[in-house]
Amino acid sequence: MAKMTKAQLFSVLSEKTGMAKKDVASFFDTLTELAYSEVKKGGEFVLPGFGKLVKVNRKARTGINPATGEKIQIPAKIVAKFRLAKVAKEAVL
């Protein structure tokens, strides 16, 4: 199953919307910057019909080093996760 490259995505969107590829690329860059700043500032960014990007606090936990079997302590940290919208799940599955 071949996946679509960024250039191919821009080409398809350019053809379907009638926008120039340069404008499509600029739109994606702006959307990406907006998503990152909103998640950093407010904790989540919603993209209707696709899902939302959220900032999650992960607790500290004990893990196991697979090479040695030794128990290690994994510190708490903040991670970004993408939660797929119900509509997207139903459309794909």
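Here are the numbers for the structure shown:
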read-out	value
Residues of the range 1-31 classified as among the β-branched types (Val, Ile, Thr) and loosely packed, with under 10 Cβ neighbours inside 10 Å, total	1
Search result, residues across the range 53-79 that are more than 24 Å from the chain's Cα centre (by Cα) and assigned to a strand (DSSP E or B)	ARG61, THR62, GLY63, ILE64, LYS71, ILE72, GLN73
LEU34 surrounded by 10 or more Cβ atoms within 10 Å (Cβ to Cβ) and in a helix (DSSP H, G or I)	yes
Filter result for SER37 (touching a helix residue (DSSP H, G or I) at 6+ places or on another chain (Cβ under 9 Å) and hydroxyl-bearing (Ser, Thr, Tyr))	no
Number of the exception - GLY63 against (1) outside the structural domain of LYS6 (by TED's automatic domain parsing); (2) surrounded by 12 or more Cβ atoms within 10 Å (Cβ to Cβ)	(2)
Tally of residues being part of a helix (DSSP H, G or I) and more than 30 Å from ASN57 (Cβ to Cβ) across the range 1-31	19
Failed item in (1) surrounded by 10 or more Cβ atoms within 10 Å (Cβ to Cβ); (2) out of contact with any strand residue (DSSP E or B) (no Cβ under 7 Å at 6 or more places or on another chain), with LEU53 passing the rest	(2)
Qualifying residues in the range 37-50 (those that are assigned to a helix (DSSP H, G or I) and surrounded by 14 or more Cβ atoms within 10 Å (Cβ to Cβ)) - the one nearest to the chain's Cα centre (by Cα)	VAL39
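Condition check ((1) touching a helix residue (DSSP H, G or I) at 6+ places or on another chain (Cβ under 8 Å); (2) among the aliphatic types (A, V, I, L, M)) across all residues:
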{"site": "PHE10", "(1), (2)": "yes, no"}
{"site": "ALA20", "(1), (2)": "yes, yes"}
{"site": "PHE27", "(1), (2)": "no, no"}
{"site": "THR32", "(1), (2)": "no, no"}
{"site": "LYS41", "(1), (2)": "no, no"}
{"site": "GLY49", "(1), (2)": "yes, no"}
{"site": "LYS55", "(1), (2)": "yes, no"}
{"site": "THR62", "(1), (2)": "no, no"}
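The values are calculated or read from the model by the stated rules, or taken from the named source; none is laboratory data. Note that the coordinates shown come from a computational prediction; the quantities given were computed from them, not determined experimentally. Cβ atoms come from the backbone with ideal geometry, glycine included; neighbour counts cover every protein chain shown.
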